[in-house]
Amino acid sequence: MSGASRLVLGSARWALVARPDRTLLAATVAAALDTGITRFDTARAYSPPGRAGEGERLLGQALGSHMRAGRARIATKGGHWRRPDGSFAVDARPATLRSHVEASLSALGIERIDRYLLHWPDPAVPLAESVGALADLRAAGLVDEIGVCNVDVAQVEAAHAAGPVAVVQNRLAYLGPDDPVLARCVALGLEYEAYSSLGGPDGPGRMEELVRGEPRVTALAARLGATGVQLALAWLLAQGTAVVPVLGAGRPRSVRASAAAASLTLGGDDLALLDEVRPRPETATA
Ligand SMILES: NC(=O)c1ccc[n+]([C@@H]2O[C@H](COP(=O)([O-])OP(=O)(O)OC[C@H]3O[C@@H](n4cnc5c(N)ncnc54)[C@H](OP(=O)(O)O)[C@@H]3O)[C@@H](O)[C@H]2O)c1
């Protein structure tokens with residue numbers, strides 16, 4: 001994979017807006033496909049209170065015929081959902097995961113999910129049991145690839161031992177802590193999807209401040225004709241071919257700018273500079 005095909009468009013925030021502009025979401029999805037982004041991320045938990053599956057329905061509708069024509073690959077997640085009172089709950093028992101997969105297939109309007117992830121490990125259920133349930137759903141033909149999210153190194157190893165896990169999705173961004181799970185994924189041959197890869201909703205603003213406040217970064221951005229967000233994304237892509245950034249975007253312009261960042265090439269000195277000035281909390285939050 002190279003260029004924009006290494007990016008995933010995430011849709012977490014779409015379903016959290018009270019009245020999402022469906023025309024804008026369809027244009028955002030169209031911009032993604034246009035620039036070479038063919039992978040999309042959602043979850044059962046991405047829904048307003050009391051409307052389980054809304055994020056999946058929005059994504060399915062925005063993708064429409066592209067999905068049916070096989071031009072888009074969809075990842076969704078279960079074992080985690082939103083209660084009617086707005087709080088989030090975790091339940092990764094095998095029977096719950098099966099019912100979540102069935103509900104996701106229906107919400108998305110498809111017969112097989114390309115990639116299905118356990119959204120959060122459930123402290124009340126051994127991880128091997130949850131992953132084993134996903135492996136059974138894969139064997140039954142309901143999902144193609146399986147993975148886990150929000151895991152530490154020991155959990156990645158447990159998940160890998162329990163089933164044919166293809167991917168880990170954890171939080172990783174230029175504006176955030178390192179994640180030791182990345183090196184473990186590389187060693188085990190797993191893909192590492194980096195979520196909130198632009199640093200979350202305030203990430204773009206913080207990156208522009210960094211560009212304005214550090215003259216060497218100002219010069220780098222000017223030389224490459226790049227914004228702060230684009231530098232952050234190029235840095236993330238340079239952390240290794242196992243890294244696949246999951247980007248949140250609600251506007252075609254954001255998607256196009258991010259896709260363009262996938263073509264930036266950072267030299268060794270550029271990366272060393274960005275590492276030197278990187279503001280980084282001490283501990284991982286995932
Ligand atoms: N597995 C998990 O537990 C988990 C947890 C959190 C998130 N995720 C996944 O990760 C995805 C992304 O995470 P996120 O939504 O937290 O945040 P993010 O991708 O770090 O940042 C999203 C923000 O960046 C802006 N943006 C996007 N591209 C831009 C560009 N090129 N230039 C300037 N601004 C740009 C967006 O603005 P606009 O909206 O205005 O375009 C939005 O405000 C989610 O949608 C979800 O799929 C997974």
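Near the amide H of Arg39, within less than 5 Å, lie the amide hydrogens of Leu9, Arg73, all on another chain or at least 5 residues away, with H placed in the peptide plane. Estimated from helices alone, the mean residue ellipticity of the chain at 222 nm is -13500 deg cm²/dmol (sum of -39500 (n - 2.57) over DSSP H runs with n ≥ 4, per residue). Over the stretch 114-165, the pair-distance histogram of Cα-Cα distances with 5 Å bins from zero comes to 5, 23, 36, 24, 10, 2 percent, rounded to whole numbers.
Evaluate E = 1/(1 + (r/R0)^6) for Arg68 and Ser5, where r is the Cβ-Cβ distance and R0 equals 22 Å; express this FRET efficiency to the nearest 0.05.
Values: r = 20 Å, r/R0 = 0.92.
In this case the efficiency is close to 0.60.
For the stretch 1-156, give me the percentage of DSSP beta bridges that are antiparallel, rounded to the nearest 5 percent. It would help to have the intermediate numbers written out before the result.
Details: 3 of 18 bridges.
Once the DSSP bridges in the stretch 1-156 are tallied, antiparallel ones form about 15 percent.
Across the chain, the mean sequence separation of Cα contacts (distance under 8 Å, 6 or more residues apart), normalised by length, yields a relative contact order of 19 percent. Simple spin-label model, 7 Å along Cα-to-Cβ: Arg216 to Val186 in nm? In this crude spin-label approximation the distance works out to 2.3 nm. Gap in Å between the Cα centre of the stretch 39-95 and the Cα centre of the stretch 142-164? Measuring centre to centre over Cα atoms gives 19 Å. Once backbone amide H atoms are built at 1.01 Å from N, Ile113 has Val143, Asp144 as its partners under 5 Å, excluding neighbours fewer than 5 places away on the same chain.
State the extension gain, in nm to one decimal, for the chain segment bounded by Arg51 and Ala140, taking 0.36 nm per residue of separation less the distance between their alpha-carbons. It would help to have the intermediate numbers written out before the result.
Numbers: separation 89, 0.36 × 89 = 32.04 nm, distance 2.75 nm.
Length gained, Arg51 through Ala140: 29.3 nm.
Amide H to amide H, with H built 1.01 Å from N, Ala242 comes under 5 Å of no residue 5 or more places away or on another chain.
No value in this document is a laboratory result; all are computed from the given coordinates. Computed from a predicted model, the values in this text were never measured in an experiment. With ideal geometry, Cβ positions are generated from the backbone for all residues, glycine too; neighbour counts draw on all protein chains shown.
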